[in-house]
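The block underneath contains the structure these notes are about, expressed in structure tokens.
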Amino acid sequence: VTDKLAHYGTHVTRAARIEPIVVPGQVLVTEAFAAVLASRPAGSFSCDLVGTEPLAKGYGAARLYRLRRKQNAT
């Protein structure tokens, strides 16, 4: 209607509920993202389980992982 690019849907909503609970300097990802990353050939990143965390605005809870660069990655 307005010719503006808009993003919406469950993935955007979930990201909007994760963002407020993230400590500055961290990147948290969903279990689905962590599983896809783990299924790929060795790369520069890995995920560590944070746990099941309550999401912002009463959106429930999600099993979250901390994304980190592997120590030997350049």
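Each value in this text was obtained by applying a stated rule to the coordinates, not by laboratory testing. Remember, predicted model here, so these are calculated numbers, not experimental data. As a convention, Cβ positions derive from the backbone with ideal geometry for all residues, glycine included, and neighbour counts pool all protein chains shown.
Odds and ends about this structure:
- Working from the Cα coordinates of the chain, the gyration tensor eigenvalues give, after taking √(5λ), semi-axes of 25, 17, 12 Å in decreasing order.
- Trypsin sites (Lys or Arg not before Pro) restricted to the chain and DSSP loop, no more than 16 other C-beta within 10 Å: Lys4, Lys70
- Per DSSP, loop chymotrypsin sites (Phe, Trp or Tyr not before Pro) in region 10-74 with at most 14 further Cβ within 10 Å: Tyr59
- Computed [θ] at 222 nm, deg cm²/dmol, the chain (DSSP H ≥ 4; -39,500 (n - 2.57); rounded to nearest 500): -7000 deg cm²/dmol
- Pair Leu37, Ile21: separation of 7 Å Cα→Cβ label points (nm): 1.7 nm
- Cut-off under 5 Å, modelled amide H: who pairs with Ala62 long-range: Glu53, Leu55
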